[in-house]
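A short write-up of the structure that comes next.
The values are calculated or read from the model by the stated rules, or taken from the named source; none is laboratory data. Worth saying up front: this structure is predicted, and the values here are computed from it rather than measured. Positions of Cβ are backbone-derived with ideal geometry, glycine not excepted, and every protein chain shown enters the neighbour counts. What goes into the accessible areas is simple: the full protein's heavy atoms, side chains included, and nothing from ligands, DNA or RNA. Shrake-Rupley method; radii C 1.70, N 1.55, O 1.52, S 1.80 Å.
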Amino acid sequence: MPYNISIVIVNYNGKKYIENLFNSLINLDNKEVTFEIIFVDNNSNDDSVSFLTEKYQNLLPSLKIIKSEINLGFAGGNNYGVQFAEGEYIVFLNNDTAVSKDWIKQLCDFTNTHSEVGIVSSKLIFFYDFIKLNIKTQDKVFLSKSVEINGEKYKIDAKFTNNVLYGENEITCFGHTTIYLPLINYKETGCKIKFDYVKLNNSETDFWVIEDENFPMTEELELGDDRISSGKLTLIQNAGSGLNERYDGYDIGFCEVDNQQYNKVYELDSCCGAAMMMNRKLFNDVGGFDERFFMYYEDTDLAYRVKNLGLKLYFCPTAVVRHIHTGSSQEWSPFFVYHIYRNKLLFIFKNFSFSIFIKQFIRYTLQVLKEIITTRQKYALKKSKVKAIFGCIKLLPFYMKKGKNNRGVV
């Protein structure tokens, strides 16, 4: 049967995400939309394919499971999946997500009412809701980075903190420190939080503060359902994407509390590939994702090629998706750093003038040399940043040979 939508999902060792994602896909409201799901497995070794097949193939007859014998990356994996697509539109969806019930309908309704749209981007919020812990102290306190939340180990993430010194094993907190903790395994029966240790300045003046209520600053903090219900917060991961003056890609609204401040339609400079929709013919016409990027900046590069055709990129605030974020790769790992920095340089070379590229290339090279000499970054990170320079140089002849107008086509 013909489909309106082909949802393409690329997976690499993401078995732990399958239930959340596919349970949400099963519950999609599809009264007015027909869709197929194309699951591309990038040579996983965690039994993702067998688990998905056994649990969901019968529940989702339109599910196509495509196995690659090598890891094609995000870019190559999505391109491969599109080859099997029958839908008029393609939706690219990360495997570490869960979609809202009306998500696909909202994307379709938006596209049907905006004839000039090239890509429409979903609203991404972090997968878990959060509880906000404020620190009250007259000096400083020290907390373990490791914490147990409802029985599951979690390491406090620097991006969910404010006014802290973030060390290798502990964080130093001050009088205005804020920590957002994800409500992992929350079942509406309260929440148990247990730090490995808490080193106080003074037990009479040091407190956890939640919604202006003081709690004794002990290693264990138990919160009732009423407290969680009134205090839990949703944090935004991406309300569209942009590019700053240094050509760094960024997420609009990243880590902001969702107070509906982005619940409006607006035009974007770029789109996030974690949950976006575009016409299948358009995707093929612009050459798909650049597979040499492997992962990171491939969505930004695609977005710029679409914009060059005179089409617009839009943010659809009513198409909501929960997202773990960097579920298949570790944020700021050597692998992450190498691809982010190499691909940023390649993206600039492909989409901007040669003079801008040279300026940014020199700036980045000098920055890396300075970091090598003056910082205490781990050797593996410094090495990855240097490799990014040579990785970029290695690929430049390929793009130069293709010519300025054809650099988007692999």
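Can you tell me how many residues in the range 199-220 are within 24 Å of G231 (Cα to Cα) and in a strand (DSSP E or B)?
9
Determine the pairs where a residue that is among the small types (G, A, S) and open to solvent by 10 Å² or more (accessible area, probe 1.4 Å), located within the range 18-33, has a partner that is at pLDDT 95 or above and in a loop (DSSP other than H, G, I, E, B) with Cβ atoms under 9 Å apart, the partner being 6 or more residues away or on another chain.
Here the result reads S24/S100; S24/K101, each pair linking the range 18-33 to a residue that is at pLDDT 95 or above and in a loop (DSSP other than H, G, I, E, B).
Please pick out the residue among E298, E291 that is closer than 28 Å to L107 by Cα, surrounded by 20 or more Cβ atoms within 10 Å (Cβ to Cβ) and out of contact with any Leu (no Cβ under 6 Å at 6 or more places or on another chain). Before the answer, list the steps.
Numbers: E291 fails: surrounded by 20 or more Cβ atoms within 10 Å (Cβ to Cβ).
Sole residue among the options that is closer than 28 Å to L107 by Cα, surrounded by 20 or more Cβ atoms within 10 Å (Cβ to Cβ) and out of contact with any Leu (no Cβ under 6 Å at 6 or more places or on another chain): E298.
Among the residues of the range 189-210, write down those that are open to solvent by 30 Å² or more (accessible area, probe 1.4 Å), within 26 Å of E152 (Cα to Cα) and in contact (Cβ under 8 Å) with a residue 40 or more places away in the chain.
Scanning the range 189-210 gives K192, K194, D196, Y197, K199, L200, F207.
Considering only the range 90-105, I want to know if a residue exists there that is within 30 Å of L28 (Cα to Cα), open to solvent by 20 Å² or more (accessible area, probe 1.4 Å) and without any contact (Cβ under 8 Å) to a residue 60 or more places away in the chain.
Taking every residue of the range 90-105 in turn, none turns out to be within 30 Å of L28 (Cα to Cα), open to solvent by 20 Å² or more (accessible area, probe 1.4 Å) and without any contact (Cβ under 8 Å) to a residue 60 or more places away in the chain.
If a residue counts only when it is at pLDDT 95 or above, open to solvent by less than 50 Å² (accessible area, probe 1.4 Å) and within 29 Å of V117 (Cα to Cα), which helices (runs of 4 or more DSSP H) contained entirely in the range 309-410 have at least 3 such residues?
Numbers: elements: 334-351, 354-374, 379-402.
Hits in the range 309-410: 334-351.
Is there a residue in the range 158-169 that is open to solvent by less than 10 Å² (accessible area, probe 1.4 Å) and of a type outside the set (S, T, Y)? Steps first, answer last, please.
As a first pass, look at the range 158-169 and keep what is open to solvent by less than 10 Å² (accessible area, probe 1.4 Å): none.
The answer is no, given that none of the residues of the range 158-169 is open to solvent by less than 10 Å² (accessible area, probe 1.4 Å) and of a type outside the set (S, T, Y).
Looking only at the range 358-401, how many residues end up being hydroxyl-bearing (S, T, Y), free of Cβ contacts under 8 Å to residues at least 24 places away in the same chain and within 15 Å of W332 (Cα to Cα)? Don't jump to the end; show me each part of the working.
First pass over the range 358-401, keeping only residues hydroxyl-bearing (S, T, Y): 364-365, 374-375, 379, 384, 399.
Retained after the next criterion (residues that are free of Cβ contacts under 8 Å to residues at least 24 places away in the same chain): 374-375, 379.
When the remaining residues are screened for being within 15 Å of W332 (Cα to Cα), the result is 379.
Summing the residues that are hydroxyl-bearing (S, T, Y), free of Cβ contacts under 8 Å to residues at least 24 places away in the same chain and within 15 Å of W332 (Cα to Cα) in the range 358-401 gives 1.
For the range 129-147, how many residues are in contact (Cβ under 8 Å) with a residue 40 or more places away in the chain and either over 18 Å from Y180 (Cα atoms) or assigned to a loop (DSSP other than H, G, I, E, B) (or both)?
So the first thing to find is which residues in the range 129-147 are in contact (Cβ under 8 Å) with a residue 40 or more places away in the chain, and the list is 129-144, 146-147.
If we keep only those that are either over 18 Å from Y180 (Cα atoms) or assigned to a loop (DSSP other than H, G, I, E, B) (or both) too, we end up with 129, 137-140.
Adding up the residues that qualify gives 5.
Among the candidates L309, L268, L313, which residue alone is in contact (Cβ under 8 Å) with a residue 40 or more places away in the chain, out of contact with any helix residue (DSSP H, G or I) (no Cβ under 6 Å at 6 or more places or on another chain) and under 16 Å from L107 (Cβ atoms)?
On the way: L309 fails: under 16 Å from L107 (Cβ atoms); L313 fails: out of contact with any helix residue (DSSP H, G or I) (no Cβ under 6 Å at 6 or more places or on another chain).
Of L309, L268, L313, the one residue that is in contact (Cβ under 8 Å) with a residue 40 or more places away in the chain, out of contact with any helix residue (DSSP H, G or I) (no Cβ under 6 Å at 6 or more places or on another chain) and under 16 Å from L107 (Cβ atoms) is L268.
Return yes when L233 is touching a Phe, Trp or Tyr at 6+ places or on another chain (Cβ under 9 Å), modelled with pLDDT under 95, farther than 18 Å from L313 by Cβ and among the aliphatic types (A, V, I, L, M) and no when it is not.
Working: touching a Phe, Trp or Tyr at 6+ places or on another chain (Cβ under 9 Å): yes; modelled with pLDDT under 95: no; farther than 18 Å from L313 by Cβ: yes; among the aliphatic types (A, V, I, L, M): yes.
No, not satisfied.
What are the pairs, 6+ residues apart or on separate chains, where a residue within the range 287-301 that is part of a loop (DSSP other than H, G, I, E, B) has its Cβ under 7 Å from a residue that is among the β-branched types (V, I, T) and open to solvent by 20 Å² or more (accessible area, probe 1.4 Å)?
Note: pairs meeting the criteria are G287/V409; G287/V410; G288/V410; D290/V410; Y296/I340.
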